[in-house]
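The values are calculated or read from the model by the stated rules, or taken from the named source; none is laboratory data. Predicted model only: the values in this text are computed from it and were never measured. FYI the Cβ positions are ideal-geometry reconstructions off the backbone, even for glycines, and counts take in every protein chain you see. Each accessible area value is taken on the protein alone, full model and side chains, heavy atoms only, with ligands, DNA and RNA left out. Shrake-Rupley method; radii C 1.70, N 1.55, O 1.52, S 1.80 Å.
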Amino acid sequence: MAETEQYTLQVRRFKPEEEHGPYWQEFDVELDPTLSVLDGLLQAKDRDDGSLAVRCSCRAAICGSCGVKINGQSTLACLTQIGEAHESANRRTPDGETKPIVVEPMGNMPVIKDLVTDMESTHWTKIRRVTPWLLDDGDPPERERIVPPESMVDITQTIACIQCGACVSACLSMEADPEFIGPAALAKAYRFVGDPRDVETRERLYDLAQDPHGIYDCTHCFACVDACPKGVAPMDQIMRLRRRAADDEEIHDRNNGRNHERAFVKIIEKKGTLDEALLLQESYAPGVKGKLIPKPSAIKGLVGSLPTAARGLRTGKMRSLPKLIPGVHPKLPGDAQERVKRIYEHAEEHGTEINLYITGEEEVEPEPDEEEFSQPEVSPGPKESE
Amino acid sequence: MKLAYWPGCVSRGFTTELHGSMALVAERLGIELITLDRANCCGAGVIAEHNQELADTLNARTFALAQQTGLGMMNICSTCQGAQSECQQRLDADSAYRAHINEVLAGEGIEYVKDADGFENKNFLWVLVEDYGLDELKAKVTRPLAGLRVGPFYGCYIVRPKYRLGYEEHPNRDLYLETVIEALGGEVVDYDGSRKCCGFPVITMNRETSLRQAGTHIGDALDQGADCLVTPCPLCHLNLDMQQPEAAKVVDRDLGLAVLHLPQLVGLALGYEPKQLGMNRHIASTEWVGERLAGVPA
């Protein structure tokens, strides 16, 4: 039997029936370092306090019930080894001291009791927001709807979601804007946007692009990507939704998402490096130099950015007024800009998209001697003796 | 030490003080930087959002230009690090895709080679800790930042996602700012927002969400007694410093916290004066940092 170790779990507790608010309580547990934080919590519940509330079922990262924060990181309690959690809690601890493993309920959700959060009021409500079912053309087929298998490959990543809520807990946009539809629901939305059988693709994209708390409310922070125990990478799905909305469907959203993307891409094609002043202007009011009149929402954004621009000029951050006039930003030297243009032409023509979740990383060809080593060995003797 | 140097776009636009202070610091540390002046924007994730192959090819071009020098590559922007690492991962994963992209680069007579000898793309923060060495850095310090309470602010792209940013080989990359602050003689301030998002990517799309993020983190750092923040990301700097007065309105409290670029903090400890490091160009006043260090001779 493996040796057990002593660990301390510092658990954030909350009992709705008691008047005082949440509080911290430490539990000493003793178990094999390769067992999970969930095993530790269940031991504390079993030996010290039966009232400690934690939700769990399969204990094997399949059911998605035991989402918590461990040392600040949103994850599944059953998927985190307690020995590793102890190490991560003590990476900056001075010699001779030990810090406990901190376990908290998931973030961005109300707490019902201890580590049990209310998944209904946030997670499931947001999931329902994206119409999470297939919208077909209404005429049921005689048997099943046949689609080429390769057309479904793209959405297998989102299908891997187990609805644990770890990404919602970690979401830094939702922390600042609780109305953000959020990573789990938007990943679910892509599951149907990418489904060739669904007939409401454009309507779905229009809805998610126009919502001020939709696809353009994601701050691209990767917190959901790191939190997801199943490799769904919700943020990548949100970026796919943006690409489908802005480029394939050419949806002009009122959040300036498409304008911003278009302006950025165009500036690099023309200048090779980013001219931020031009980006601001083009994002809010594309082509304003010529004839187009910016939309009211864009004018609001432009006006909102003026105090910042004025302060920039005063301190010399924006070096001079000409900085605000397009055309002053230097181009790349020599023929470099021409090379960038060629890249644009080639990439716009091909537009290859690689999803490593599906294709995986190429196996590195083994060195000749390694190949030899991987052959079934006749004798268990060390390689040197061969 | 000699490196191919990609300064990025913002360090030559809105935050020229970053580019300038990096040059000064490199000189005093004895790091020779060969600027990749023909290289292009990393795309900051936005070009990849539009067309993945376009972003991958643009960054393959930058890597190929760096590989021509035969040197390792250094950047000074968390966002460049993240966007470039993402493209590099796809390029490295698939030889047919790499060959397809190298066809375009062939017109310029360059090629991106996977695992080329000595080629790695690292942020200045990683170079400092992993290659230059903290002991070497300490030996160069002439004005320890004694008593200066510094809050680290990493920027998302240099800490997440872990599987793409070399954390298997270097598991403490998300603690390097703390170790550098300590090596320079400063005091680390732990606060809630150090590894959270500054909000910059949505400043033109959801201004309120964006500024609330920046304002909340600055407020948390102030509550923990920070004298300043330090960041290896100029885009974070734009939201934390340039937009700070606007962020203050959104979170409805007085802010006023100096936000330093990483080379500026290093530069102070190497004996440069705040003005030499362009700290007078910031929006949030950096005078307090100067006053704190005034008693310590350079």
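Estimate for me the total accessible surface buried between chains A and B (protein heavy atoms, probe 1.4 Å, no ligands or nucleic acids), in Å² to the nearest 100.
Values: alone 23030 and 12630 Å², together 28980 Å².
So the buried area, both faces added, is about 6700 Å².
Taken about its Cα centre, region A:159-279 carries a charge dipole of about 340 debye when Lys and Arg each add +1 at the Cβ and Asp and Glu each add -1 at the Cβ. Only the Cβ atoms of Lys and Arg (+1) and of Asp and Glu (-1) were treated as charged; on that basis the dipole of the protein assembly as shown about its Cα centre amounts to roughly 3660 debye.
Shown in residue order for region A:183-195 are the 3J(HN,Hα) couplings computed by the Karplus curve 6.51 cos²θ - 1.76 cosθ + 1.60 at θ = phi - 60°: x, 5, 5, 6, 5, 5, 4, 5, 4, 9, 4, x, 7 Hz (x for Gly and Pro). In this structure the amide hydrogen of A:T131, modeled in the peptide plane, comes within under 5 Å of no amide hydrogen from residues 5 or more places off or on another chain. Pop the C-beta distance of A:L135 and A:S57 into the FRET formula with R0 = 45 Å and round what comes out to the nearest 0.05. Efficiency at R0 = 45 Å is approximately 0.90. Backbone amide hydrogens, once placed in the peptide plane, bring A:T80 within less than 5 Å of A:V37, A:L38, excluding anything fewer than 5 places away on its chain. Pairs spanning more than 30 Å between alpha-carbon atoms, out of A:K126/B:K196; A:K113/A:K188; A:K99/B:K138; A:K188/B:K122; B:K196/B:K249: A:K188/B:K122. The convex hull drawn around the Cα atoms of chain B, when projected onto a plane and averaged over every direction, covers 14.4 nm². Kindly state, to the nearest 0.05, the FRET efficiency for B:A106 paired with A:T352, given R0 = 22 Å and r defined as their beta-carbon distance. After rounding to 0.05, the efficiency reads 0.80. Each residue, B:E291 and A:W24, gets one label point 7 Å from its Cα in the Cβ direction; the gap between the two is 3.3 nm.
Once the 1.4 Å probe is applied to the protein heavy atoms, region B:156-288 comes out at 32 Å² accessible per residue. For a test of the definition: using alpha carbon positions, the gyration tensor, and the 1.5 limit on a/c, classify the protein assembly as shown as rounded, prolate or oblate. The shape class here is rounded. The distance between label points at B:K249 and B:T35 comes to 3.6 nm (points 7 Å beyond Cα on the Cα→Cβ vector). Estimated from helical segments only, the mean residue ellipticity of chain B at 222 nm is -12500 deg cm²/dmol, where each DSSP H run of four or more residues counts as -39500 (n - 2.57). Size descriptors for region A:150-295: radius of gyration and Dmax over Cα atoms are 16.3, 51 Å.
Spatially, region A:158-217 and region B:21-96 are offset by 31 Å when compared through their Cα centroids.
Modelled this way, with points 7 Å down the Cα-to-C-beta line, the labels at A:D118 and A:E200 are 2.7 nm from one another.
Give me the percent of accessible area attributable to carbon and sulfur for the protein assembly as shown, probe 1.4 angstrom. Before the final figure, lay out the partial values.
Details: 14620 of 28980 Å².
Ligands and nucleic acids excluded, carbon and sulfur reach 50 percent.
The residues of region A:1-70 expose on average 56 square angstrom of accessible surface per residue, using a 1.4 Å probe on protein heavy atoms. Counting only Cβ charges, +1 for Lys and Arg and -1 for Asp and Glu, the dipole size of region B:233-298 around its Cα centre is about 100 debye. Here r is the Cβ-Cβ distance between A:S88 and A:K341 and R0 is 41 Å; the resulting FRET efficiency, rounded to 0.05, is 0.30. Short version: which residues of region B:79-122 lose at least 50 Å² of accessible area, all chains versus chain alone, 1.4 Å probe? Buried by the other chains: B:A93, B:V104. For B:K2, a cut-off of 12 angstrom between C-alpha atoms picks up these aspartates and glutamates, skipping any fewer than 8 places away in its own chain: B:E27, B:E32, B:D131.
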